[in-house]
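Asker: For reference, the structure I am asking about is given below.
The values are calculated or read from the model by the stated rules, or taken from the named source; none is laboratory data. In this text, all values refer to a predicted model and were calculated from it rather than measured experimentally. Every residue, glycine among them, receives a Cβ derived from its backbone with ideal geometry; neighbour counts consider all protein chains shown.
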Amino acid sequence: MFNALFASLRLAIAIVCIGLSLVLAGLWLDLFEHPLRMMAFFTIAGIAVYWAFVLCVMRSFEVSQVVPDRVREALDTLSEGLLVMDERDRIVLANEAFSRMVGISRESLLGRRPGRLAWVCSEVSDGDDFPWLRAVREQRQQTDQLMRYRLADGKLRFFSINASSVTGDDRATRGVLATFRDVTVSEEYRAHREQTLAMLRSSRDEISTQNRELTILASQDSLTGCLNRRSLADQFDRLWTSDPTTGHPIACLMVDNDHFKNVNDNFGHPVGDEVLRRVSKILIESFPPPALVCRYGGEEFCVVLPGTPIDSAVEQAEQIRQAIEAVHVAAVPDLKLTASIGVSETGFGAASPSALIAEADECLYVAKGSGRNRVIRYRSKPT
């Protein structure tokens, strides 16, 4: 109020000074002796004074006076921040809550463009695409638009913004009204919750991975990657309860590396381990799932072949024997490897997995006793 009075007083003084200056200029130029010159001079001077007056009025005009004091006081009771912008996107009203939210006095906010404030990257705004501008451009209310604001101390605040254009009786846009709700606490809680959930998911995945690794460690032989005996027993039992009832044969191979003790004694355990790894690799690659490949003990391996009749099993066993015989260990070029293999199949009357393994094992010992490096199949009696 007082600012407006002082501005008006300054304006009146300025006009009086300009008038006196014009009169003195007329006397100095001797215009009063020439009526036409005087009329032209004062006409031009009058126009100049008029526009100077208009500009002074516009510059001294306070945008805060657009809204009555009682309305501003009522809006100051709101807990949400509120801005009113004119059609030129300049703030004509900011309530106390918004001033407090952004840490800028209301006097400093008036006349400014709200987009020039310290907004940072947000989920809904890019560059100058702010909710209050979209409300005017699209002639559609913008609701719950999330934006971030950086305070002078560097802290970030999250605001949920609603914006709607204000139109006159002629449907022309007169400005925009926008409300700002501080949702920093809830957004920080949401971010913390998402981070916690991400950590839980990561922990769950890590636990699942560890469980799988433990399952592998518990079911596989660490040296060769083959199944261990316990895992073979579990899986063979499950297989046994399904295949015999469907009439599909199950073949079993017992594979033993000939003279393996001599390999360890003559060339050392590292070479012996390499031999076992090479043999197991041949078996695993030759008999993919659902076949079961197990390191049965020491240098012995057991192979279970679902749906395989005895003749096919013997043929595959012979291929394995030849593949093992062809193995060359680079560290020991003179090392010659051979294997003895016993083969049986459920068609000979084995009543259990252990009985079938025993039949194949019996054939294995016949092969070793017959000179090794050969395949022996089960008949009514091994021959």
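Asker: Is one or more of the residues making up region 173-191 surrounded by 12 or more Cβ atoms within 10 Å (Cβ to Cβ), in a loop (DSSP other than H, G, I, E, B) and among the polar types (S, T, N, Q)?
Answerer: no
Asker: Let me ask you something else. For the list (1) in contact with a Ser or Thr (Cβ under 9 Å, 6 or more places away or on another chain); (2) on the phi < 0 side of the Ramachandran plot; (3) of a type outside the set (Ser, Thr, Tyr), I need the number of the one condition that residue 139 fails.
Answerer: So the condition that residue 139 fails would be (2).
Asker: Let me ask you something else. When you go through 212, 295, 201 one by one, which is the residue that is surrounded by 15 or more Cβ atoms within 10 Å (Cβ to Cβ) and of a type in the set (Lys, Arg)? Spell out how you get there, then give the answer.
Answerer: On the way: 212 fails: surrounded by 15 or more Cβ atoms within 10 Å (Cβ to Cβ); 201 fails: surrounded by 15 or more Cβ atoms within 10 Å (Cβ to Cβ).
Result: 295 is the single residue among 212, 295, 201 that is surrounded by 15 or more Cβ atoms within 10 Å (Cβ to Cβ) and of a type in the set (Lys, Arg).
Asker: Is there a residue in region 286-294 that is closer than 19 Å to residue 314 by Cβ and polar (S, T, N, Q)? Break it down stepwise before answering.
Answerer: Residues of region 286-294 that are closer than 19 Å to residue 314 by Cβ, as a first pass: 286-287, 291-293.
Those still in the list that are polar (S, T, N, Q) too: 286.
So far as region 286-294 goes, yes, one or more of its residues are closer than 19 Å to residue 314 by Cβ and polar (S, T, N, Q).
Asker: Quick one: which of 123, 107 is touching a strand residue (DSSP E or B) at 6+ places or on another chain (Cβ under 7 Å) and either loosely packed, with under 13 Cβ neighbours inside 10 Å or at pLDDT 70 or above (or both)?
Answerer: Details: 107 fails: touching a strand residue (DSSP E or B) at 6+ places or on another chain (Cβ under 7 Å).
Criteria check complete, one pass: 123.
Asker: Assuming residue 322 fulfils every condition listed in (1) farther than 30 Å from residue 268 by Cβ; (2) among the polar types (S, T, N, Q); (3) surrounded by fewer than 16 Cβ atoms within 10 Å (Cβ to Cβ) apart from one, which condition is it?
Answerer: (1)
Asker: Go through (1) surrounded by 14 or more Cβ atoms within 10 Å (Cβ to Cβ); (2) assigned to a helix (DSSP H, G or I); (3) modelled with pLDDT of 95 or more for residue 285 and report which single condition fails.
Answerer: Every condition holds for residue 285 apart from (1).
Asker: Taking interchain pairs and intrachain pairs at least six residues apart, which have beta carbon atoms under 8 angstrom, with the first residue in region 345-371 and buried (at least 23 other Cβ atoms within 10 Å of the Cβ) and the second part of a helix (DSSP H, G or I) and among the β-branched types (Val, Ile, Thr)?
Answerer: The qualifying pairs are 345/310; 356/346.
Asker: Yes or no: region 330-340 includes at least one residue that is under 15 Å from residue 356 (Cβ atoms) and either surrounded by 15 or more Cβ atoms within 10 Å (Cβ to Cβ) or over 49 Å from the mean Cα position of the chain (by Cα) (or both). Walk me through it before giving the result.
Answerer: Taking region 330-340 as the starting set, the residues that turn out to be under 15 Å from residue 356 (Cβ atoms) are none.
Within region 330-340 (the criterion being under 15 Å from residue 356 (Cβ atoms) and either surrounded by 15 or more Cβ atoms within 10 Å (Cβ to Cβ) or over 49 Å from the mean Cα position of the chain (by Cα) (or both)), the answer is no, since none of the residues qualifies.
Asker: A further question follows. Would you confirm whether any residue within region 245-256 is out of contact with any strand residue (DSSP E or B) (no Cβ under 7 Å at 6 or more places or on another chain) and assigned to a helix (DSSP H, G or I)?
Answerer: First pass over region 245-256, keeping only residues out of contact with any strand residue (DSSP E or B) (no Cβ under 7 Å at 6 or more places or on another chain): 245-247.
Applying the additional criterion that residues be assigned to a helix (DSSP H, G or I) yields 245-246.
Yes, because at least one residue in region 245-256 is out of contact with any strand residue (DSSP E or B) (no Cβ under 7 Å at 6 or more places or on another chain) and assigned to a helix (DSSP H, G or I).
Asker: Just checking, does region 209-224 include any residue being touching a residue at least 24 places away in the same chain (Cβ under 8 Å), outside the structural domain of residue 278 (by TED's automatic domain parsing) and not polar (S, T, N, Q)? So that I can check it myself, show each step before the final result.
Answerer: Pass one, region 209-224, residues touching a residue at least 24 places away in the same chain (Cβ under 8 Å): 221, 223-224.
Remaining after also requiring outside the structural domain of residue 278 (by TED's automatic domain parsing): 221, 223-224.
Going one step further and asking which of them are not polar (S, T, N, Q), we end up with 221, 223.
Within region 209-224 (the criterion being touching a residue at least 24 places away in the same chain (Cβ under 8 Å), outside the structural domain of residue 278 (by TED's automatic domain parsing) and not polar (S, T, N, Q)), the answer is yes, since at least one residue qualifies.
Asker: Quickly run through region 225-241 and pick out the residues that are without any contact (Cβ under 8 Å) to a residue 24 or more places away in the chain and acidic (Asp, Glu).
Answerer: Across region 225-241, the qualifying residue is only 234.
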